[in-house]
Amino acid sequence: MSEYDDDHDFDGGTSGFDTSHVSSAFGFDDNADGGTVYDGTRYTHTSWVGRGKNACCGVLFGIALFVGSFALLGWNELRAVNTADALRECGSQIREAECDQVDELYTDHVVHISCGLRDIPTLQDDDFGVSYTTVALHRKVEMRQWREDSEKRCKKDNVGGGETCHEEYSYTKVWSSEALDNFHGPHADRYQNPSYWDYRSRDWVAERMSAGVYQLPPTLRSRVAQCHSCMEVVSNVSADTICSRPGSTTPQGCLWTATPSDGYFRNWGQERKQPMLGDLRVRFTQSTARDVSVVGVQTRGGSFRPYVHKNGYTCFLLAVGEKDSATMIADAQHDNVTLAWVLRLAGLLANWLGLLANW
């Protein structure tokens with residue numbers, strides 16, 4: 001396979017691509033509105049021998065995909081049945097426990113509680129001086145960066161049995177919480193993103209959570225913190241709080257301004273209306289969870305562990321909010337059925353793609 005790039009001048013040449021915004025890669029932000037810059041095409045030519053090799057690899061991959069689809073389908077049916085059995089038996093053994101006292105008679109038995117969270121701590125972000133009384137606090141930091149996209153088109157040669165492909169590369173400025181640096185375009189060096197972040201995204205989770213008198217183990221604490229529907233934007237943080245932090249102010253004023261419409265704090269101040277490459281924006285969210293419901297085996301001392309069925313599958317449920325045990329078991333069974341159908345469709349799709357690759 002041969003490969004070559006377009007070698008047109010940076011000012012546009014005859015490539016047909018709009019490079020009028022390329023200067024923004026060097027600090028100017030003509031592309032602040034998020035428009036796309038098309039810059040660079042890579043051409044590849046594959047001979048008939050290369051295409052034959054690719055075809056053989058495709059056949060082997062198709063066989064592996066075809067066989068693997070049956071393994072996935074078989075494992076999924078076993079998983080679905082065993083999970084349903086574990087949930088059914090777990091649900092038949094549930095005892096209702098009180099929130100204000102631990103009944104030692106229920107030790108090593110499956111219990112259900114629906115209790116309020118107690119002793120909710122104050123979590124603080126020392127970098128920005130933001131604190132909130134919650135079980136989980138999340139700081140999301142995004143940087144204005146270039147993102148590379150590509151579109152590939154191939155055409156068979158008129159003679160020789162080969163194939164010629166051309167891949168067009170485009171660049172767009174976006175907000176991203178991840179560093180975007182894996183670029184492959186022929187002119188990728190013109191779109192280098194800053195490598196240094198003053199701040200990164202971070203999570204704070206309560207080290208201890210108690211539902212009533214019961215202590216939640218780390219597995220359940222993590223589930224509470226990961227409840228996305230329970231997260232809300234922290235609204236009581238003012239720009240003055242952030243501006244009071246060291247390094248937040250210049251002779252021209254505070255670097256940070258608030259945008260109440262989306263809850264972000266941005267670090268390009270008031271003098272610029274549009275962000276530039278490398279600018280940051282920060283948003284804080286906190287968990288609104290105040291009650292949890294748990295189904296699990298009560299341990300000595302007032303905590304929980306998973307119920308383990310004889311088939312090896314477990315039952316260990318948590319829901320944010322007040323839910324009765326029957327609803328929790330029914331929801332878990334519904335999720336099990338939904339996952340079973342998703343994996344069935346994935347297995348059938350893999351089976352069809354495996355056949356298609358060998359057609």
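The values are calculated or read from the model by the stated rules, or taken from the named source; none is laboratory data. Here the structure is a predicted model, which means the values were calculated and not measured. We place every Cβ from the backbone using ideal geometry, glycine too, and count neighbours over all the protein chains shown. These area figures cover heavy atoms from the full protein model, side chains too; ligands, DNA and RNA do not enter into them. Shrake-Rupley method; radii C 1.70, N 1.55, O 1.52, S 1.80 Å.
Observations on the structure shown:
- Against the list (1) free of Cβ contacts under 8 Å to residues at least 60 places away in the same chain; (2) open to solvent by 50 Å² or more (accessible area, probe 1.4 Å); (3) in contact with a helix residue (DSSP H, G or I) (Cβ under 6 Å, 6 or more places away or on another chain), the condition residue 313 fails is (1).
- Scanning the range 154-187 for residues that are modelled with pLDDT under 85, hydrophobic (A, V, I, L, M, F, W, C) and either open to solvent by less than 40 Å² (accessible area, probe 1.4 Å) or closer than 22 Å to residue 36 by Cβ (or both) turns up just one, 165.
- Index of the failed condition, residue 214 passing every other in (1) surrounded by fewer than 17 Cβ atoms within 10 Å (Cβ to Cβ); (2) touching a residue at least 40 places away in the same chain (Cβ under 8 Å); (3) of a type in the set (Ser, Thr, Tyr): (1)
- Spans of strands (runs of 3 or more DSSP E) in the range 55-153 with at least 2 residues surrounded by fewer than 16 Cβ atoms within 10 Å (Cβ to Cβ): 110-118, 122-125
- The set of residues from the range 331-352 being closer than 12 Å to residue 70 by Cα and among the polar types (S, T, N, Q) comprises just one member, 351.
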